[in-house]
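Before any comments, here is the structure.
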Amino acid sequence: MKDTKLAALLRTFSAGEFAELGKFVSSPYHRKRNLDDLFEILKPFYPDFDGSKFTNEYVYEKLYPGKKFGDARSDSLLKTLTSELFMLCKELLIQLELKENESFKKYLLLTQLRKRKLTNEFLKESVTARKRFEIPGGEVKDFLEKYFITNPLTEFYIDANDFSNSYEMIILQSEYIAAASLTKSLRFSHQKKAAEEGYNLTTRSNLSESLINHLDMESLIKELKENKSDFYPYIGISYLSHLLVKDKNDESHYFKLKELLFKHDDLYSHSEKYIFFSMLCTFGNEMFAERREKKYSRGVLEIYMKMIETGLYKFSQTDFFQIGLFRGMLIQARHCGEYEWMKHLIDNYINELHPDQRENMRLYSLGQYYFGIGEFGKALASLITLKSDYFLYKKIRRICYSGYTIHLAITRRHFRCWTV
């Protein structure tokens, strides 16, 4: 029993979700047969669904007192019951996801109200549905959610012979699906780069690349801007991020994207802004790696500072601060001579890293900080005690133990090899 797909799924349920499952099982609406007894037998095994008692024999004999488990009939019956409970669990997963998607729920409701010709109720619900159009959002899902909302509205106006409003809905439908398509296709270049360079994968011929290759994107962006289209910043930002990959030697794309993002960052969700700003920093560091002029480093540091100021240093509130991003901020601040900000970062954000990474990064960070302010003894004392459990630290320990420690502590030029 412990190795079944039902047990594997049940282990993923939170306490609240498991309680919801109990209500779900008790409802006659969802089930083909009564599964209350089976659920009550399984309930004490939550959340591990393990142990010596958690066997087919135990479950079957608790379900049917006085009967023995072992023949084909008993095995088949238990499999049928657990299979039905498994299907019910999957049905609950659908409901849980639906609860999180208000736009799709509204689309389903409006569709049903229209089909039933409940006009007054449809108009009432459509008022709140239309408010979704006013909410900014540049993710593909944002455009698709709005696209789905326009579907029942279009059909409603056609049924009412209101061709003016129906045509406006058709225009919106076309705009939202086009925006979703363009956004996804433009961002494919980043996914391609990650696949080919990170995983050595080969990209086949595909519609997304063909679409972008055959579009006059410059002309499109210009027209959207001139017409003051609501879609301009979304498509413009996606296009500039695409150009960062396709034409990474042209630094103007970087500066244009940074300017447009800073101007329109209120149009995106937290996670979307985190992705864009992280991407900007990555490309900024790549493009300007060989240029030690402070104007370039300062530009990247400005983005890092904005991420800290606005809480964009984590993908979500429940995530940890990524160690690579933390280190990047630290190095850039040191290079720009922002030692006070470095100390602020160390003192206030080190505990937001994963617990397994905090102490090592604290030592590493203090080494960077003390070296920056000229306290080389303290810098060396911090760096020499690092553990080699993260690849960024391995070079440091190898250098320290190979006889070059003194040189590294004295000259800034040699220190750079610690931070490659």
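The values are calculated or read from the model by the stated rules, or taken from the named source; none is laboratory data. Everything quoted here is computed from the prediction, not taken from an experiment. Note that each Cβ is placed from the backbone with ideal geometry, even for glycine, and that neighbours are counted across all protein chains shown.
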Identify the residue in region 342-360 that is free of Cβ contacts under 8 Å to residues at least 40 places away in the same chain and under 20 Å from VAL300 (Cβ atoms) and, among all such residues, is surrounded by the fewest Cβ atoms within 10 Å (Cβ to Cβ).
HIS344
Only residues that are polar (S, T, N, Q) and over 15 Å from the mean Cα position of the chain (by Cα): list them for region 294-321, please.
SER297, THR310
With respect to LEU110, is the statement that it is farther than 17 Å from ILE149 by Cα and surrounded by 14 or more Cβ atoms within 10 Å (Cβ to Cβ) true?
no
Right, ILE399: modelled with pLDDT under 90, within 27 Å of TYR296 (Cβ to Cβ), surrounded by fewer than 19 Cβ atoms within 10 Å (Cβ to Cβ) and not polar (S, T, N, Q) or not?
yes
Quick check on SER208: is it surrounded by fewer than 17 Cβ atoms within 10 Å (Cβ to Cβ) and over 19 Å from the mean Cα position of the chain (by Cα)?
no
Search result, residues across region 52-75 that are exposed (fewer than 14 other Cβ atoms within 10 Å of the Cβ) and over 25 Å from SER26 (Cβ atoms)
SER52, THR55, GLY66, LYS68, GLY70, ASP71, ALA72, ARG73, ASP75
